[in-house]
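> Mind having a look at this structure? Questions to follow.
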Amino acid sequence: MKYCSTAGKVQGLSFEDVLFSGYMEDGGMALPETIPAVSRETLKSWAGLSYRDIVLNIVPLFVSQQELPAAKLEELVDKALSSFDCPEIAPIKHLENGLTVIEMFHGRTWAFKDMSLSIVGQLFDYFLEKRQKHLMIVVATSGDTGSSAIEAVRHLKWVDIIVVLPRNRCTQIQELQMTTVKAENVFVYRADGSSDDIDAPVKRLFLDTEFSRKYNLCSANSLNWARIMVQTAHFFFMYLQLCPDCDQELEIVIPTGGGGNVTAGLIAKRMGLPAQYVCAVNDNDIVARMVNTGLCELGEVTPSLSPAMDMQFAYNFERVWYLCSGGDAALVRQMMTELERSGKTKIPAPLLTQMQGEIRTFVHGDEGIKRTLKRCWEENQYTLCPHTAVAAAYVYSQRDQGLKATLPSVCVGTASPLKFQEAISAAGLPTLDSPRLQELRASPTYAEDMELTDNWEKILRRKVEQMTEAFLARNSM
């Protein structure tokens, strides 16, 4: 398996090449040159497999035995999943009024990103140990990715990580999960801006080829192909849990922020998974406007009760455009250039038609989130997180309109409600608590602030240099 860039000027990369990367040198994002096929017979043979075993079947389709032997992959996956607090990894809950939720938040930081990043962290460790090579991860986060990435690598010898979060735009618990970590290979900044504001200086670091190569910069958000690769296994797992006979499609409703999940879902569909997708978004609804009208136009980010969805451009839609255009890199490059220059681009009719055939959208704002949280609690004594509530609201709206469900449906439960006390309180639901929450609130914090008047790119460059110097000093003794 070889990898290419959505911008079309980089081809023939190995899995290891794209594992240790962010944006490609031509500014694009990594994808496989070909999508592996999973036959219906193979899919049926996977029915009943655990999440672990689905991962062990999916990853070798994208990574050769020469790069990653099967026995080593099994060892890495077992180590990664050992930190999860339930044996099923992602249990499924069947609730009233046709609502089905797959709980993908039983990892260390209570977010679905733990499922992929715990494995990606082990992949980092394996390949870096072989090469005796230092890696510098730089992460811009809207809330959950930062803490998941920190937990995945905080004890790894060969990795340092810098996380930049949007100050006062995450929940208190999301922020504390990042700022209370004290480790010599972890540094956290709180920036006075949105997640889109943070993305810009981080992208400039990756696009500085000389700097990126010198310091081995890498991303741990869904910009990194390895995250998407592991997430394709999520979709096969949930499908086989709900459609074990493999004789029908499954409607999968995805709370959507950066678009990594729907990208993985579209790849799974191209591999042979019978699925339909609904992207559920909050009032930061660029995904819905783009899919419905064909106009991708950036605007202001509105803080909400579902902060992981508070962004104006779901950056993985660069990959979606590439997939839905049949790999038209020139078109994708043109659209991204227009978007970066003017803040908007028009999706050509053939591409838009293909997107609309594969993705539907649903918009649900804060007031609706509160109503949905309350309804689910009253009907089930079950608390959703506010992001999952946006997906659940889509299911409720279909039922309330008297629309008969023609397909089985599942909502992706992206995070634990424990992380979103503000939304739970706003909906008037009982307060949640746990020993780990109490420990977080009582812990000291370790972070630096970046103000609007600061040069964020310069600060990040200097921190990369300092952490690399410290790593070299630690390992020269």
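> Taking a cut-off of 15 Å between Cα atoms, list the aspartates and glutamates near Lys2, but don't count ones fewer than 8 places away on the same chain.
Glu16, Asp17, Glu33, Glu67
> Given a 1.4 angstrom probe, I'd like the percentage of the accessible area of the chain that is carbon and sulfur, rounded to a whole number. It would help to have the intermediate numbers written out before the result.
Values: 8630 of 18100 Å².
Looking at the chain in its full context, I get 48 percent from C and S.
> Kirkwood Rh, Cα Rg: Rg to Rh for the chain?
0.93
> If one computes P(r) from the Cα atoms of segment 73-208, what percent of pairs lie at distances over 23 Å? Mind dumping the intermediate values first?
Values: 3694 of 9180 pairs.
Counting pairs separated by more than 23 Å, the tail of P(r) holds 40 percent.
> Once you charge only the Cβ atoms, +1 for Lys and Arg and -1 for Asp and Glu, what is the size of the charge dipole of the chain about its Cα centre, to the nearest 20 debye? Walk me through the intermediate numbers first.
Numbers: 47 positive and 58 negative charges, 90 e Å.
Charge dipole of the chain: 440 debye, to the nearest 20.
> Using the Cα gyration tensor of segment 142-262, with a ≥ b ≥ c the square roots of its eigenvalues, what is the shape: rounded (a/c below 1.5), prolate (a/b larger than b/c) or oblate (neither)?
Working: a/c = 1.94, a/b = 1.71, b/c = 1.13.
In terms of gyration-tensor shape, prolate.
> Under 20 Å between alpha carbons, and skipping anything fewer than 8 positions from Lys157 in its own chain: which lysines qualify?
Lys72, Lys79, Lys130, Lys133, Lys182, Lys214, Lys463
> Given only helices, namely DSSP H runs of n ≥ 4 each adding -39500 (n - 2.57), what is the per-residue ellipticity at 222 nm of the chain, to the nearest 500 deg cm²/dmol? Walk me through the intermediate numbers first.
Details: 20 runs with 221 residues, N = 477.
That comes out to -14000 deg cm²/dmol.
> What is the gain in length, in nm to one decimal, between Thr353 and Gln11 on full extension, counting 0.36 nm per residue of separation less the C-alpha to C-alpha distance?
Values: separation 342, 0.36 × 342 = 123.12 nm, distance 2.77 nm.
Computed gain between Thr353 and Gln11 is 120.4 nm.
> Taking a virtual spin label 7 Å from the Cα of Glu184 along the C-beta vector, which residues in segment 140-164 bring their backbone nitrogen under 13 Å of it?
155-160
> Lys93 to Arg341: FRET efficiency via 1/(1 + (r/R0)^6), r the Cβ-Cβ distance, R0 45 Å, to the nearest 0.05?
Details: r = 46 Å, r/R0 = 1.01.
Between Lys93 and Arg341 the formula returns 0.50.
> Express in nm, to one decimal, how much length is gained between Leu207 and Ser45 on full extension, taking 0.36 nm for each residue of separation and deducting their alpha carbon distance. Kindly include the intermediate steps, with their values, before the conclusion.
Working: separation 162, 0.36 × 162 = 58.32 nm, distance 4.32 nm.
Gain on extension, Leu207 to Ser45, equals 54.0 nm.
> Once you keep just the Cα pairs under 8 angstrom separated by 6 or more residues, what percentage relative contact order results for the chain?
Working: 912 pairs, mean separation 91.7, N = 477.
Worked out over the chain, it gives 19 percent.
> Here is a further query. Full extension from Leu472 to Arg270: what is 0.36 nm times the residue separation minus their Cα-Cα distance, to one decimal in nm?
Working: separation 202, 0.36 × 202 = 72.72 nm, distance 4.37 nm.
Between Leu472 and Arg270, full extension yields an extra 68.3 nm.
> Now for a different question. Given 10 °C and 1.306 mPa s, compute D for segment 1-120 with the Stokes-Einstein relation, Rh being the Kirkwood radius over Cα pairs; round to the nearest whole µm²/s. Walk me through the numbers before you get to the answer.
Numbers: Rh = 16.5 Å.
Here the translational diffusion coefficient equals 96 µm²/s.
> Be a star and scan segment 227-250 for residues whose amide nitrogen sits under 11 Å from the point 7 Å along the Cα-to-Cβ vector of Leu407.
Counting only backbone N, you get 248-250.
> Another question, if that's okay. In nm, give the distance between the simple-model label positions of Ser64 and Thr302, each being 7 Å from the Cα along the Cα-to-Cβ direction.
5.1
> May I pose another question? Given the Cα atoms of segment 91-136, and with Rh set as the inverse mean 1/r over their pairs in the Kirkwood sense, what is Rg to Rh to two decimals? Provide the component values of the computation, followed by the final result.
Values: Rg = 16.6 Å, Rh = 12.9 Å.
Rg divided by Rh gives 1.28.
> Label Ser434 and Ser83 with points 7 Å out from Cα along Cα→Cβ: what is the distance between them in nm?
For the pair Ser434/Ser83, the computed spacing is 1.4 nm.
> Relative to the Cα centre, what is the charge dipole magnitude of segment 230-305, using +1 at the beta carbon of each Lys and Arg, -1 at the beta carbon of each Asp and Glu, and rounding to the nearest 20 debye? Present the calculation step by step, with values, prior to reporting the outcome.
Numbers: 3 positive and 8 negative charges, 47 e Å.
Dipole about the Cα centre, nearest 20: 220 debye.
> For labels at Lys214 and Asp400 in the simple 7 Å Cα→Cβ model, what's the distance in nm?
Placing both labels 7 Å beyond Cα along the Cβ direction yields 5.7 nm.
The values are calculated or read from the model by the stated rules, or taken from the named source; none is laboratory data. None of these values were measured; they are calculated from a predicted model. Glycine also receives a Cβ, built like all others from the backbone with ideal geometry; neighbour counts cover every protein chain displayed. To get the accessible areas, we keep the full protein, side chains included, count just its heavy atoms, and leave off ligands, DNA and RNA. Shrake-Rupley method; radii C 1.70, N 1.55, O 1.52, S 1.80 Å.
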